[in-house]
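Trainee: Sharing a structure, written as structure tokens. Questions coming.
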Amino acid sequence: MSNPDTVTMTGAQALVGTLADNGVTACFANPGTSEMHLVTALDGEPRIRSVLCLFEGVATGAADGFARVSGVPAMTLLHLGAGYLNAGANIHNAGRANSPMVNVIGDHAVPHLKYDAPLTSDIIGLAGPNSGWIKSANKVSDTGKLASEAFVASYGPKPGPISLLLPADSAWEEGGVKGPVVSAPSLREISGDRIEAAAAQIKTAAKPVIVMNGTALTEAGLLAAARLKAAGVRVLTDTFYAKMRRGAGVFAPERMQYFAEGAMADLEGTDLMVVAGTNLPVAFFSYPGKPSLLVPEGCSTLNLGGADSDSAATLARLADALGATKAAEPTVLKVPDMPEGELNAVSIGKSLARHMPENALVSDDGVSNGLMSYLPTQNAQPHDWMMLTGGAIGQGMPLALGAAIAAPDRKVICISGDGAGMYTNQALWSMAREGADVTTIVFVNHSYRILNIELYRTGAGNPGPTAKDMLSIGGPNINWVQLSEALGVPAAEATTAEGFDAALAAAIAAPGPRLIAAVVPG
């Protein structure tokens, strides 16, 4: 192989070396024939840890988790347009989380495209709508330069996934040149006039609320939020967020309710809604006779910046403008007694609060059971909670894998529904292979429970046998213990609160991946 530090560098070596020079340290890959020179380039780049994923959606979900924890994009390696499409759901979730991600997509050699081989597709047409930036390195001399551009583009103006295509001939040809080391753009700062105007409106409002996301959910941002709370501003987070610091010693904001009618009832009387690091809240879906925009009638709105802004700094400056020197009290540590009796989402949350180690990372794809596990952990040891941001289930296990690669010194806990887990259970194999320190909890109810709830809420009518079958994943029931062990992850089943508590304590005490199949009511 050519020495990557000489002029005989291949395009693949130039691309990989440039990303490594710019601080990329992880690649989550599912390669094919057109990516073989990228595979050998990664073999020669010790600064990048390459993780094989058995499904492309695991690779992109893991890259999302890596970015949420580290703040740095990971590289993914995807095989042509078909591989990109397999990866798409978790790219969507990562986009909604504003996670920087560099998706490197192999393509046919440029001269080969005209023959319309079986795997030929319009990759730019497929990937473009879901990419904040997309280019193809059709010349070997452009590979390094475009890798630098791609790295910067993943940070914005709005952070998120981008796509860089590498045709096979650009990968194997010599003549690649590494691109420059570049600086990621800073998040936008809101003008002083805008901050002062917001403070003035808050002072005259009877019932102001601020809805926040982004850097406002870091410890520094939450301290500023606590000052706003003490100054009489109600503080809410989006229903789903990328990552928030929680637990003992941290201010706990409220969370926007998921169901539209509940959110509107909760916000009744609000006369000013300010948003920072996000947009005005909307219902997840449209329902007959229910609102889409979750803003009470007659309520004024004020935008203090979206995902491209530093919302933590915005909140601190707003608190200063309000003269808010005091802060609302932080959460205190409360360890629940061991739950007893029926195993359900609440008892699982209590066990989590009992055994979650300090500084744990939680990946939540629990769907209908997630909220009731979330609430009891508010007073647990300080930790970070990551949510399903884009609504495409199957994020939980891959996200946990990426988080564990980014922070090998922190225990990662994954909460997943059984329906969600079946989308990307291949992540368990990668966890086993990499020794990822992840404890996965699967709510086993043999049902798409959230869809049974939504069937009623949408007014679609009483379900008959066909509808019921489409909302159930029983018959045959999935044996999660056998499935997990077949993929290399030790597993146990729990059917009672006491049994789960003991299984969780054992799983968290053990290094490496473990799975608990928690059998809960459907």
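The values are calculated or read from the model by the stated rules, or taken from the named source; none is laboratory data. This structure is a prediction, so every number in the text was calculated from the model and none was measured. Note that we place each Cβ from the backbone using ideal geometry, even for glycine, and neighbour counts take in every protein chain shown.
Trainee: Spot the failing condition for P330; the list is (1) under 30 Å from A199 (Cβ atoms); (2) within 19 Å of the chain's Cα centre (by Cα), and only one is missed.
Mentor: (2)
Trainee: In the set G192, G176, G232, which member is modelled with pLDDT of 95 or more and within 30 Å of A74 (Cα to Cα)? Quick ask: steps written out before the conclusion?
Mentor: Numbers: G192 fails: within 30 Å of A74 (Cα to Cα); G232 fails: within 30 Å of A74 (Cα to Cα).
Criteria check complete, one pass: G176.
Trainee: Return yes when V152 is outside the structural domain of A109 (by TED's automatic domain parsing), within 29 Å of the chain's Cα centre (by Cα) and at pLDDT 95 or above and no when it is not.
Mentor: Values: outside the structural domain of A109 (by TED's automatic domain parsing): no; within 29 Å of the chain's Cα centre (by Cα): yes; at pLDDT 95 or above: yes.
Considered against the rule, which asks whether it is outside the structural domain of A109 (by TED's automatic domain parsing), within 29 Å of the chain's Cα centre (by Cα) and at pLDDT 95 or above, V152 comes out as no.
Trainee: So which pairs qualify, if the first residue must be in the range 487-502 and under 21 Å from M422 (Cα atoms) and touching a residue at least 12 places away in the same chain (Cβ under 8 Å), the second must be surrounded by fewer than 20 Cβ atoms within 10 Å (Cβ to Cβ) and among the charged types (D, E, K, R), the Cβ gap must be under 8 Å, and the two must be at least 6 apart or on different chains?
Mentor: G488/R433; A491/E485
Trainee: When residues of the range 183-200 are filtered for being farther than 17 Å from G277 by Cα and surrounded by fewer than 16 Cβ atoms within 10 Å (Cβ to Cβ), how many remain?
Mentor: 5
Trainee: Does at least one position in the range 64-71 carry a residue that is under 21 Å from A153 (Cα atoms), in contact with a Lys or Arg (Cβ under 9 Å, 6 or more places away or on another chain) and at pLDDT 95 or above? Spell out how you get there, then give the answer.
Mentor: So in the range 64-71, the residues under 21 Å from A153 (Cα atoms) come out as 64-71.
Pick out the ones that are also in contact with a Lys or Arg (Cβ under 9 Å, 6 or more places away or on another chain) and you get 68-69.
Then drop every residue that is not at pLDDT 95 or above, which leaves 68-69.
Within the range 64-71, one or more residues are under 21 Å from A153 (Cα atoms), in contact with a Lys or Arg (Cβ under 9 Å, 6 or more places away or on another chain) and at pLDDT 95 or above.
Trainee: Which of the residues spanning the range 71-86 are surrounded by fewer than 23 Cβ atoms within 10 Å (Cβ to Cβ), within 11 Å of V24 (Cα to Cα) and touching a Gly at 6+ places or on another chain (Cβ under 9 Å)?
Mentor: V72
Trainee: Let me ask something else. Kindly indicate which of M356, M338 is in contact (Cβ under 8 Å) with a residue 12 or more places away in the chain, closer than 18 Å to L504 by Cα and in contact with a His (Cβ under 7 Å, 6 or more places away or on another chain).
Mentor: Details: M338 fails: in contact with a His (Cβ under 7 Å, 6 or more places away or on another chain).
The conditions single out M356.
Trainee: Here's a follow-up. Regarding the range 258-271, can at least one residue be identified that is modelled with pLDDT of 95 or more and touching a strand residue (DSSP E or B) at 6+ places or on another chain (Cβ under 6 Å)?
Mentor: Checked against the condition, which is being modelled with pLDDT of 95 or more and touching a strand residue (DSSP E or B) at 6+ places or on another chain (Cβ under 6 Å), the range 258-271 yields at least one hit.
Trainee: Taking the range 1-32, which residues are modelled with pLDDT of 95 or more and either more than 27 Å from the chain's Cα centre (by Cα) or not assigned by TED's automatic domain parsing to the domain that holds S141 (or both)?
Mentor: Correct list: M9, T10, G11, A12, Q13, A14.
Trainee: Where in the range 39-139 are there helices (runs of 4 or more DSSP H), lying wholly inside it, with at least 1 residues that are within 18 Å of the chain's Cα centre (by Cα)?
Mentor: Details: elements: 56-70, 80-97, 123-127.
Correct list: 56-70, 80-97.
Trainee: Something else about it: Among the candidates A380, A312, single out the residue that is outside the structural domain of A420 (by TED's automatic domain parsing), hydrophobic (A, V, I, L, M, F, W, C) and buried (at least 16 other Cβ atoms within 10 Å of the Cβ).
Mentor: A312
Trainee: Keeping to the range 296-344, report how many residues are within 30 Å of P161 (Cβ to Cβ) and touching an Asp or Glu at 6+ places or on another chain (Cβ under 7 Å).
Mentor: Looking only at that region, the number is 2.
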